[in-house]
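Undergrad: Dropping a structure here in structure tokens format, bear with me for questions.
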Number of protein chains: 2
Amino acid sequence: MAVTIKDVARESGVNVSTVSRALNGEYGVHADTREHVVAVAQRLKYRPNRVARGLVTGRSHTLALVVSDIRNLFFAEVARGAEDAAYRAGYDLVLCNSDLDPEKQMRYGQSLMEKRVDGILMNSVAVLSKKQQEQLSGLGVPIVLLNRTAPRGVFSTVCADNETGGALAAEYLLKLGHRKIAHLTGPRHHGNMTERAKGFVARLAAARRPVRPVLLHGKNNFQGGVELAQKLMAQHPDVTAVFAASDMMAFGTIRALMEAGRRIPEDVSVMGFDNVELASIVHPPLTTIHQPKYEIGQAAVEILLRLVGRGEHQGPEHRMFAVELVERQSCMERKA
Amino acid sequence: MAVTIKDVARESGVNVSTVSRALNGEYGVHADTREHVVAVAQRLKYRPNRVARGLVTGRSHTLALVVSDIRNLFFAEVARGAEDAAYRAGYDLVLCNSDLDPEKQMRYGQSLMEKRVDGILMNSVAVLSKKQQEQLSGLGVPIVLLNRTAPRGVFSTVCADNETGGALAAEYLLKLGHRKIAHLTGPRHHGNMTERAKGFVARLAAARRPVRPVLLHGKNNFQGGVELAQKLMAQHPDVTAVFAASDMMAFGTIRALMEAGRRIPEDVSVMGFDNVELASIVHPPLTTIHQPKYEIGQAAVEILLRLVGRGEHQGPEHRMFAVELVERQSCMERKA
DNA sequence: ACAAATTCCGGAAACGTTTGCAGCGAGGCT
DNA sequence: AGCCTCGCTGCAAACGTTTCCGGAATTTGT
């Protein structure tokens, strides 16, 4: 059906190997013949079959991105950064949604392996058992994770400086004079969020007059924010500031607080984390910690590309991005 | 390196062809030998090389999704629906961001072709020239579009009933008593949005006392909404209701209106289209037209799968989803 | 009990590339 | 003038599967 390298070879009167070399710009083929072959290939609209090439070279020129849910704005940004970088390098990016389901995650790992992807970009392996993690790393394909992981040394990692992000939030709230503070965070095994919490409570504890925040765990999405905020109001009605571990959770807490008649920021200050586009859109505009999502995705595939470059994966690479506080209107000084 | 079918064959004392048949569950292999082969394969942790298989079968078990930008919430939803459906069928989904750039779009088409994807899910070909469109359809791979397209018959399509969506919006605003109405829409060649506009103005014109809305074209995102709203206030300060062609644009117009001191919905009613999750989150909660984004993505790959099923692509399929008005708090009756 | 049909399995071609190796001619060096 | 080198090209193997075809073994039918 399609025109193959053989057709080009026949049509231009040379051997397929010559065609291959000419088209791939290798040394050892005369300029004239190369020109001729290229011309014929163009005339025939020859398109190399990358599957066949992949079979012999062992490289598929494909990367995979497995996230919990692409509808999460954070991952959408990361995905865009990753895809752009992959595109520039001539790689494709296959998208996988794991919902953080261990079984799904492993099945994706297997399937991607069978398809011989050259590298995998994964948001977390925290939900996997030790054995499953080893199984993954034993797949022989470089993997970069989107959070710092416990067993450093096996996987590469790219992430924001979550810990100082948490510290920044604490500092800011402290500066505003808040003393009754809560932190609404995600599931317990969520690496990035635990780091945010860690930095947050550490900084609060290190204050001249230390404060111990209320800590609540829940789902990392809008609904989770709503639920946690309701719980918070029931259990600790006196908090004046809450730091949510993600913008989506912050949106949820704002919603719940408002519905309960609290004003933001007059009655309670709310902070988020991520700085998604919507953070500047909602009302009130959300004060939050910015992390460079697009750049994270980009950096991740760059690392991946380097890793696949040097055959057997050398030592993993790690990269951490700085975060910064972006001050908007969801926080204010504690009223005296 | 990896264990191949030959290893399994040698280890289990049968021919590779038998292994292949046994593992693929074909007829013509004794139950005992199949069992044995399967056991050996499992013991050796054999994973078939899908690249090799793809080379001979001509099927890569891969679909592609090319959207303008995955960060667009609409596409993120569609992508999730598509990926879920693909996953269920054992297919992979490669993600491409075109920015609606014709060149990028064509390059993706070529590249995906070379990789022998089995089908392509594309949001629009409107920016492509006639010739480019033919080139795409001549690629020999089924393509389904996310909007109704002019030259019906070549591509399959899946979309919401944008036209009656527009009509619903008109009807609603009319019912609320509005007479000075504006419609903020996207770029002129945006298929779905022109349909929305069409339904909208048609319904307004069909009213007992027909009204002709102000029509403004701009970018389909938050910033576009801001700009259009500003322009609108300058040119037609007397409008009492605006229908934005997407939720993101609606968010932008709300922002611009509020900053100009207008109250929503007391001074001006605002409607959107899409019903993204955020629509219920922002303040005020946005009245909008719901379209089933997830289901659209899902349906699109289902069609694709059917199309690749029957080898040479038969006639294209078309599917349209119903929309519905979801009433929240961004609209109210025109004050007498 | 013999022909025919059926079941099971092995051999080998094929898919479309890349790539190591060898051959061949021409040109440079001594 | 002979030899070596070097640039260019063809040949063929290899990548890991699937699948067509034919043969052997077994079952069925009469």
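Undergrad: May I ask you to verify whether B:VAL94 is β-branched (Val, Ile, Thr) and more than 8 Å from chain A (Cβ to nearest Cβ)?
TA: No, not satisfied.
Undergrad: Any idea which of B:VAL211, B:VAL226 is farther than 12 Å from B:PHE243 by Cα, aliphatic (A, V, I, L, M), surrounded by 19 or more Cβ atoms within 10 Å (Cβ to Cβ) and outside the structural domain of B:SER124 (by TED's automatic domain parsing)?
TA: Exactly one residue qualifies, and that residue is B:VAL226.
Undergrad: Scan segment A:8-26 residue by residue and report those that are in a loop (DSSP other than H, G, I, E, B) and within 7 Å of DNA strand D (Cβ to nearest atom).
TA: Matches in segment A:8-26: A:GLY13, A:VAL14, A:ASN15.
Undergrad: Oh, and also: Out of all the residues in segment B:62-75, which are in contact (Cβ under 8 Å) with a residue 12 or more places away in the chain, of a type outside the set (A, V, I, L, M, F, W, C) and facing chain A (nearest Cβ under 8 Å)?
TA: Passing the criteria: B:THR62, B:ASP69.
Undergrad: Would you check if there is a residue in segment A:81-101 being among the hydrophobic types (A, V, I, L, M, F, W, C), surrounded by fewer than 20 Cβ atoms within 10 Å (Cβ to Cβ), within 16 Å of DNA strand D (Cβ to nearest atom) and farther than 30 Å from A:PHE251 by Cα?
TA: Among the residues of segment A:81-101, not one is among the hydrophobic types (A, V, I, L, M, F, W, C), surrounded by fewer than 20 Cβ atoms within 10 Å (Cβ to Cβ), within 16 Å of DNA strand D (Cβ to nearest atom) and farther than 30 Å from A:PHE251 by Cα, which makes the answer no.
Undergrad: Could you please give the count of residues in segment A:77-89 that are within 9 Å of chain B (Cβ to nearest Cβ) and over 19 Å from A:ILE143 (Cα atoms)?
TA: 1
Undergrad: Enumerate the strands (runs of 3 or more DSSP E) found wholly within segment B:251-336, keeping only those where 1 or more residues are out of contact with any Ser or Thr (no Cβ under 8 Å at 6 or more places or on another chain), within 13 Å of B:ALA160 (Cβ to Cβ) and at pLDDT 95 or above.
TA: B:287-290, B:318-321, B:324-326
Undergrad: Quick one: which helices (runs of 4 or more DSSP H) sit completely within segment B:52-164 and have at least 2 residues that are within 12 Å of the chain's Cα centre (by Cα) and not assigned by TED's automatic domain parsing to the domain that holds B:ALA299?
TA: none
Undergrad: Here's another thing I want to ask about it. Residue under question is A:THR194, and the condition is that it be more than 14 Å from chain B (Cβ to nearest Cβ) and of a type in the set (Ser, Thr, Tyr); does it hold?
TA: Criteria met by A:THR194.
Undergrad: Still on this model: Sort out which residues of segment A:23-44 are surrounded by fewer than 17 Cβ atoms within 10 Å (Cβ to Cβ), within 13 Å of DNA strand C (Cβ to nearest atom) and not aromatic (Phe, Trp, Tyr), and write them in order of number.
TA: Of everything in segment A:23-44, those that are surrounded by fewer than 17 Cβ atoms within 10 Å (Cβ to Cβ), within 13 Å of DNA strand C (Cβ to nearest atom) and not aromatic (Phe, Trp, Tyr) turn out to be A:ASN24, A:GLY25, A:GLU26, A:GLY28, A:HIS30, A:THR33, A:LEU44.
Undergrad: Here's something else I'd like to know. Mind listing whichever residues of segment A:27-54 are away from chain B (no Cβ under 14 Å) and more than 8 Å from DNA strand D (Cβ to nearest atom)?
TA: Within segment A:27-54, A:GLU35, A:HIS36, A:VAL37, A:VAL38, A:ALA39, A:VAL40, A:ARG43, A:LEU44 qualify.
Undergrad: Could you say whether any residue in segment B:1-22 is modelled with pLDDT under 90, within 14 Å of chain A (Cβ to nearest Cβ), surrounded by 11 or more Cβ atoms within 10 Å (Cβ to Cβ) and more than 8 Å from DNA strand C (Cβ to nearest atom)?
TA: For segment B:1-22, residues modelled with pLDDT under 90, within 14 Å of chain A (Cβ to nearest Cβ), surrounded by 11 or more Cβ atoms within 10 Å (Cβ to Cβ) and more than 8 Å from DNA strand C (Cβ to nearest atom): present.
The values are calculated or read from the model by the stated rules, or taken from the named source; none is laboratory data. Just so it is clear, the structure is predicted and the values come from calculations on it, not from any experiment. Don't worry about glycine lacking a Cβ; one is built from the backbone with ideal geometry, like all the others, and counts go over all protein chains shown.
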